[in-house]
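Please treat every number below as a calculation from the coordinates, not as lab data. From a predicted model like this one, the values you see are computed outputs, not experimental measurements. Reconstructed Cβ throughout: ideal geometry from the backbone, glycine too, with neighbour counts over all protein chains shown.
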Amino acid sequence: MVIQQDSNRQLIQQRLNLFRFPVLLIFFILAARLWQLQIINGAEYERRAEENRIRTMQLVAPRGTISDRNRIPLVENRPSFNMLLYREAMKDQDATVEFLTTRLGIDAETIEAQLRRSKSAGLYRPILIKEDADMEAIAIVEAHRRDHPEIQIGPEPRRLYHYGRLAAHLLGYVGEVSEQDLAANNFPGATPGTLVGRTGVERIYNQVLMGTDGERQVLVDSRGREVGIVEEIDSIIGGEVSLTIDLDLQSVAEAALQDRVGAIVAMDPRNGEILVMASSPSFDPNAFSARISSDTWNALISDPDHPMQNRTIQNSYPPGSIFKLIMAETGLGEGLLDGDPQVYCSGASVYYGRTFHCHDKKGHGSLRLEQAIAKSCNIFFYELGKKLGISAIAEHAQALGLGTRTGIDLPGERSGIMPSPEWKMQTRRGKWYAGETISVSIGQGAVSTTPLQLLRAISAIVTGGRLVTPHVLLWAEKKTELEWPVVTVPVSEDSARRIREGMRLSTVSGTSRNAAVPGVEICGKTGTVQVIGNEKKAMARGKTGDHSWFVGFAQKDNPEIAVAVFVEHGGTGGVAAAPLAREIFRTYYDKQKPAILTRNRLSDTAGVPSLQGSND
Amino acid sequence: MIKLDQRLIFGFDWLWFLALLALSAAGVVVIWSTTDATSLNSYFGRQIIYLCCGLLVFLILLNFDYHLFSDFISIIYLAGIAVLGLVLVIGRSIHANKSWIDIGLFSFQPSELVKIIAVIALAKYYAEYDRDYLGLRELMVGGLIVFFPAFMVVLQGDLGTAVTFFPIYATLSCLAGIKRKHIAVLLIVVAAAAPITWFTLRGYQRGRIETVFNPERDPHRLGYQTIQSEIAIGSGRIVGKGFKQGSQGNLGFLPARHTDFVFSVLSEEKGFVGSISILGLFLFIAYRLFRTAREAKDKLGTMIVVGVAALLLFHVLINVGMAEGLLPIAGIPLPFVSAGGSSLISYYAAMSLCMGIRMRRYVN
């Protein structure tokens, strides 16, 4: 085959050789032109490149507004100015450093360290010398524009939390995006230096809140002075997020907590909208809107009261007597309270060889379920717990969401613990003792819940089984799909009604009297959690006071607001927790009366009225 | 996988392969240098992935005899046409062009691959014709084979890419033998088509051509890019401004600095030393292709290598010529150097094809 084509092939070889010349010519021309541009005229082009300076300045987009359920803004932005150093315009580093240290009081070491660190970052990226510069510093820089064109002022909007510490845990704060977050693309659209939400709503709804940065290109001369604007792309502000929080109720709750360590959370039990989420002590997220100083940060982190923790969802505590409501639901559901049995309380009872006391040493006498709830009688629920057994209790409590996260749209939620024999075997490698069931019956022992979890479980009981998904988002720009699933738990209407009656009785004549508001059918239940046994109290140092709980709702037959109050080491629940809830209920119902209550800002909210003694 | 003949392995041309790697590495470095500080951040990482894909394709295709492709060329060709048609329907628009197709995670520009298919198709058609000169009929059928896909690319709005089909046809026709009178006929056709083309060009395309003859005509719009590119190259002088130090590239004077104007950025940062080295590498590859064409086992092999060489050198000419201000601005990538996967992977495929032809030159 090859031989047959021989003559043709030779012709092709000849023609192939003809291609050599044009190819070499092309390369010669391209190379000659390079010689002309780079060698012959190189100096001229270098001069033109020097004159040719466009400086690109980032126009940082403001983050979106966060507002309450009535669209009153809680978080917006304020203008601020950064001091930037453009190294390519710096003629004499020593002169620049001297100017910065003598006139602007910036540490020479810091600047030189920054200059060293930024060597590899590319000459045309400005260095941030001072964040959120004050007016005096800006005036000095502006006055020396001609001598020091390398130092420039760049605007950057900063987060402004109008109400400071109010709802700080819920709102969260912002910070510069970390390299890990960038690498994992946790915040699509963020570039190095972008401020992103670190916790709370700022983090969860960061993609809505984050805007799109713009850019301004200015033409500068060889000395770095601005000559004109080439192009300007405006930044686009982030989307608005409206929360389910009610600012008035939130203010009242924060004021009620005062200096106490604790939490208040209020929710619409019908749909899971969070009306109040207060945790104390709190912090000021404004401190984070510039890059936070390490002193402030260390103070926040090392504070023994952990002000950064959102106690409504990030801490879990034994529910104490509030758990009796879950016991009541379990007893009713399992048919053990059919026929309305009475239990006699003598003040103490013996189970499995150990004496368990009621908080009322004199005893409550004969009690039915409603009275037992109202008086918070331990003996009644010890008896009930003994009959039910731990498995039935755990099953009902877990169905009501104990031991699992509520699924609220906030980061860092804890799941709490609802113990059962299986749980004990898995985590502690031990057998379940019958005596533990007795402790669990009054919410002591290993049971632990977050205030929100407990509020959600009790809400589910009193609404006849509506286990809602608590949430703080009412609506958000650019976000259309909002689903907050409601699970139906088998709680019979009769169980719900009887527990509501018991809780009503508690505010009328029982332990929750301090939560009562005239004219409103408030129902409640108090709880007091023994932190440490009485006999050890004397020996122990530090905080040993009982934790205080209150969980309640209104109105009795139409639950529309449910409130949980928790005070760490507050003492008796009826004294320390119930009055705080009363303030929430009062404000909620006052607001429904036309034009009575104007907005409470932090400063003018009335303090909590004097507390009355009460039994738990 | 097909077991390789000993002679195949000895035929592997390491210097040629290293030249390809050197060009790709230069591209990766320039992309790193110009896109690190901007939001184009991920171009660098993606280019490395594309390079790995390209090398993989190169090694896989090496195992197949080129006759396998030419035997099934009609099917491959029709598939290529079908994909181009698909792009017309569902293609993704980048700037004014509608020539990209989304394949799951990344988008691909099929026209890059279709060029190589067109080379094989035309090479096979001409190789099977064993007279000394092509007849008019062969010239016309050959033209149809090349210009039908080119026309579809024009429909996508990508004139620059469509133009690159022309050297395939011109070079292979010359190689297969073209009579003087036929050259005259073709020239008349081109001469007649030129004014028509001129008036069907879009405004910006016409402006780009006019600008070549007088870049200062409109220094702030069309001439702007040409002048900035010349300043970039010129100001690099002998050794360049250094990695990441190019002001023209990094301050946004050059549009598409990681793709179309990658040569300008390279020349600015690496100087004459760098830019002439890039040209040298291309010249070396051209030499290896030329040698392979001469030594190829059969006419088909020679034709394929010459077609690929024409394609490659045309790209280099247009891209570098544009950067140096000698030719109109066209969105044509510099082979192996510019950012982008379609071009890189397609060129590695084409080089693999040619290397395979070289390796099989004694094998029957």
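Report relative contact order for chain A in percent, whole number only (criteria: Cα-Cα under 8 Å, sequence separation at least 6).
About 14 percent, as a whole number.
Counting only DSSP H runs of at least 4 residues, each contributing -39500 (n - 2.57), and dividing by the residue count of chain A, the helix-based mean residue ellipticity at 222 nm comes to -10000 deg cm²/dmol. Name the shape class, rounded, prolate or oblate, that the alpha-carbon gyration tensor gives for the range A:46-105, where a ≥ b ≥ c are the square roots of its eigenvalues, rounded holds for a/c under 1.5, and otherwise prolate holds if a/b is larger than b/c and oblate otherwise. It comes out oblate by the Cα gyration axes.
Among the trypsin sites (Lys or Arg not before Pro) within the range A:8-51, which fall in a DSSP loop and have no more than 12 other Cβ atoms within 10 Å of their own Cβ?
Answer in residue order: no site qualifies.
Normalising the average separation of contacting C-alpha pairs (under 8 angstrom, six or more residues apart) by the number of residues puts the relative contact order of the range B:6-359 at 27 percent. For the range B:331-364, chymotrypsin sites (Phe, Trp or Tyr not before Pro) are listed when DSSP marks them as loop and at most 13 other Cβ atoms sit within 10 Å of their Cβ; the list is B:Tyr362. From the alpha carbon centroid of the range A:149-207 to that of the range B:134-206 is 57 Å.
Which of B:Leu312, B:Leu144 has the fewest other C-beta atoms within 10 Å, and how do the rest follow up to the most?
Arranged by neighbour count, lowest to highest, B:Leu312, B:Leu144 become B:Leu144, B:Leu312.
Relative to the Cα centre, the charge distribution of the protein assembly as shown, modelled as +1 at Lys and Arg Cβ and -1 at Asp and Glu Cβ, gives a dipole magnitude of about 2040 debye.
On a 30 Å Cα-Cα criterion, which of the cross-link pairs A:Lys324/A:Lys593; B:Lys179/B:Lys299; A:Lys362/A:Lys431; B:Lys124/B:Lys181; B:Lys270/B:Lys297 come out too long? Listed pairs above 30 Å: A:Lys324/A:Lys593; A:Lys362/A:Lys431; B:Lys270/B:Lys297.
For the pairs A:Lys387/A:Lys424; A:Lys478/A:Lys525; A:Lys424/A:Lys479; A:Lys387/A:Lys556; A:Lys478/A:Lys556, flag any whose C-alpha to C-alpha distance is greater than 32 Å.
Going by Cα-Cα distance, A:Lys478/A:Lys525; A:Lys424/A:Lys479; A:Lys478/A:Lys556 fall outside the 32 Å limit.
When only Cα pairs below 8 angstrom with a gap of at least 6 residues are kept, the range A:345-451 shows a relative contact order of 23 percent. The Cβ shell under 15 Å around A:Ser316 holds other residues with a net charge of +2, Lys and Arg each +1, Asp and Glu each -1. Nearest 10 degrees, 0 to 90: what angle lies between the long axis of helix A:42-51 and the longest principal axis of chain A (Cα atoms)? Tilt relative to chain A: about 40 degrees.
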